[in-house]
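To start, the structure itself, in structure tokens.
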Amino acid sequence: MRRTLFLALSVVAAGALAQQPPPKLEPLPEPPPPPLIRDGADEPRVRIAPQEGDRVEEMREGGRVVMLKVTPPNGIPYYLMDLTGNGNLTRRESLDPGIRVPMWVIKSFD
């Protein structure tokens, strides 16, 4: 009995809601044009020069700079390398590209 009463009231409520007019909608404004994509030719190039007192060693290959070793007066040397051949230098802390995981002997069976 209760289920029938609930079902009947649900149908009446749904009918009342269906008779209401939909809300008035406004059209969306036109979207802005997409930004222009540039190839980077007209953008300024950033050059980070070594600081005063740093010792810079150039390694050239075929007249082109492929690596710079920069040794600060009171620090660890770092390397600027051209990895792709396009003239963009990438900073590396060492020449070894691999990752070395520290390993310790925990137990040995001698």
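The values are calculated or read from the model by the stated rules, or taken from the named source; none is laboratory data. The model shown is predicted, which means the values in this text are computed figures rather than measured ones. Please note: Cβ atoms are built from the backbone with ideal geometry, for glycine as well, and neighbour counts cover all protein chains shown.
Quick look at the values:
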quantity	calculated
Hits in region 32-57 - residues which are exposed (fewer than 10 other Cβ atoms within 10 Å of the Cβ) and either modelled with pLDDT of 85 or more or more than 24 Å from the chain's Cα centre (by Cα) (or both)	Pro32, Pro33, Ala49, Gln51, Glu52, Gly53
Unmet criterion (only one of (1) exposed (fewer than 11 other Cβ atoms within 10 Å of the Cβ); (2) at pLDDT below 85; (3) among the basic types (Lys, Arg)) for Lys24	(2)
Test for Ala16: is it farther than 30 Å from Pro72 by Cα, out of contact with any strand residue (DSSP E or B) (no Cβ under 8 Å at 6 or more places or on another chain), loosely packed, with under 10 Cβ neighbours inside 10 Å and modelled with pLDDT under 70	yes
Filter result (at pLDDT 80 or above and either in contact with a strand residue (DSSP E or B) (Cβ under 8 Å, 6 or more places away or on another chain) or surrounded by 10 or more Cβ atoms within 10 Å (Cβ to Cβ) (or both)) within region 74-89	Pro77, Tyr78, Tyr79, Leu80, Met81, Asp82, Asn88, Leu89
Odd one out for Ile99 among (1) out of contact with any strand residue (DSSP E or B) (no Cβ under 7 Å at 6 or more places or on another chain); (2) modelled with pLDDT of 80 or more	(2)
